[in-house]
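Enquirer: Have a look at the structure that comes next, please.
The values are calculated or read from the model by the stated rules, or taken from the named source; none is laboratory data. Small disclaimer: the values here were computed from a predicted structure and weren't measured. Note that we place each Cβ from the backbone using ideal geometry, even for glycine, and neighbour counts take in every protein chain shown.
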Amino acid sequence: MGKREIRKREQREKKRVAAERVDVLFTLAERVFPYEPELSDRYVEIALAVQRKAKIRIPRKWRRRYCRRCHSFLVPGVNARVRLRSRPYPHVVVKCLKCGHIMRFPYLREKKERNRWKPRRALSGSGPSEGSS
Ligand SMILES: [Zn+2]
């Protein structure tokens, strides 16, 4: 095995560990939120620092759970308002009640649904379209 392969493997391992850490931090944030919401925000900050450093994406399950502007941990019904909208495309609107920032997340139950809204990408199976959801 060449040096390059080893390097690649290390890089992948680093990202895997970072993703795990991000997941743990968000899990902790959720757990402590009822008692110490400020600590939750700290966990989010740390998770985002890990994410930036490792250049990974925030796992899908946590993407709607923090404010992109003020980095607060968000709990729907407590410090975030969540609404579903079908126009102009099906999406979830999450509003941070702390700073008022509004985030939109397209939600696509099925590929079929997606094809209706993005006909151009319809033919490519799993494209790099994960980012925005
Ligand atoms: Zn906010």
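Enquirer: Say we look at segment 1-53 and pick out the residues that are of a type in the set (A, V, I, L, M, F, W, C) and surrounded by fewer than 12 Cβ atoms within 10 Å (Cβ to Cβ); which of these is nearest to His71 (Cα to Cα)? Break it down into steps so the answer makes sense when it comes.
Expert: The initial filter retains those residues of segment 1-53 that are of a type in the set (A, V, I, L, M, F, W, C), namely 1, 6, 17-19, 22, 24-26, 28-29, 32-33, 39, 44, 46-50.
From what is left, the residues that are surrounded by fewer than 12 Cβ atoms within 10 Å (Cβ to Cβ) are 1, 6.
Details: Met1: 42, Ile6: 35 Å.
Taking the candidates together, the pick is Ile6.
Enquirer: Restricting to segment 54-67, give me the number of residues that are surrounded by fewer than 14 Cβ atoms within 10 Å (Cβ to Cβ) and under 18 Å from Lys95 (Cα atoms).
Expert: The number of residues fulfilling the criteria is 2.
Enquirer: Can you pull out the residues in segment 1-54 that are free of Cβ contacts under 8 Å to residues at least 12 places away in the same chain and polar (S, T, N, Q)?
Expert: Gln11, Thr27
Enquirer: Please verify whether Gly77 is within 15 Å of the ligand (Cβ to nearest atom) and among the small types (Gly, Ala, Ser), treating the condition exactly as stated.
Expert: Numbers: within 15 Å of the ligand (Cβ to nearest atom): no; among the small types (Gly, Ala, Ser): yes.
Spelling it out, it is not the case that Gly77 is within 15 Å of the ligand (Cβ to nearest atom) and among the small types (Gly, Ala, Ser).
Enquirer: It is to be established whether one or more residues within segment 118-125 are polar (S, T, N, Q), modelled with pLDDT under 95, part of a loop (DSSP other than H, G, I, E, B) and under 20 Å from the mean Cα position of the chain (by Cα).
Expert: No; the residues of segment 118-125 include none that is polar (S, T, N, Q), modelled with pLDDT under 95, part of a loop (DSSP other than H, G, I, E, B) and under 20 Å from the mean Cα position of the chain (by Cα).
Enquirer: Tally up the residues in segment 65-74 that are near the ligand (Cβ under 9 Å from one of its atoms) and closer than 12 Å to Arg42 by Cα, please. Walk me through how you get there before you give the answer.
Expert: Restricting attention to segment 65-74, the residues satisfying the condition of being near the ligand (Cβ under 9 Å from one of its atoms) are 66-72, 74.
Restricting the remaining residues to those that are closer than 12 Å to Arg42 by Cα gives 66, 70-72.
Going through segment 65-74 one residue at a time, the tally reaches 4.
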